[in-house]
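Please read the structure below before turning to the comments.
The values are calculated or read from the model by the stated rules, or taken from the named source; none is laboratory data. Only a predicted model underlies this, so the values are computations on that prediction, with no experimental measurement involved. Heads up, the Cβs are rebuilt from the backbone with ideal geometry, glycines too, and the neighbour counts pull from every protein chain shown.
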Amino acid sequence: MSLDLSKLARQQQAPEQGDELRQRVIQALRGVHDPEIPVNIYDLGLIYRLDVDPAGTVAIQMTLTAPGCPVAGTFPATVECAVKCVPGVIDAHVELVWDPPWTQDQMSEAVKLQLGLL
């Protein structure tokens, strides 16, 4: 039985590459701002789930601050476009979800401080 060292090396690199890609995707999400609150969607807590495959496929579940948000029909495509521009991302899909409803509890402490909520 022979050991394929190149395959082993690729398997060991995959998690590190996946982590790097995930961080680049998060940076892209931080570049997208909520249209009603001057804060990025990641730190605002609108991203409920972020799956990043080391091969370059990204799946996101996100919400909006309110179901009646005027950009509900177009904003997921805006987020998807921003993620697809990340080097290493081959495909991205954004799903808009409403459960659980967004609350201010999902905001990072830094955002709460920035908005004067702390």
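A few notes on this one:
- Filter result for TYR48 (hydroxyl-bearing (Ser, Thr, Tyr) and not in a helix (DSSP H, G or I)): yes
- VAL79 being part of a helix (DSSP H, G or I), at pLDDT below 95 and surrounded by 17 or more Cβ atoms within 10 Å (Cβ to Cβ): no
- Any hit, region 53-74, residues being of a type in the set (D, E, K, R), at pLDDT below 95, farther than 19 Å from ASP99 by Cβ and surrounded by 11 or more Cβ atoms within 10 Å (Cβ to Cβ): yes
- VAL39 modelled with pLDDT of 95 or more, of a type outside the set (Phe, Trp, Tyr) and surrounded by 12 or more Cβ atoms within 10 Å (Cβ to Cβ): no
- Subset of region 83-118 [closer than 15 Å to ILE37 by Cα, of a type outside the set (Phe, Trp, Tyr), assigned to a loop (DSSP other than H, G, I, E, B) and touching a residue at least 12 places away in the same chain (Cβ under 8 Å)]: MET107, SER108, LEU115, LEU117
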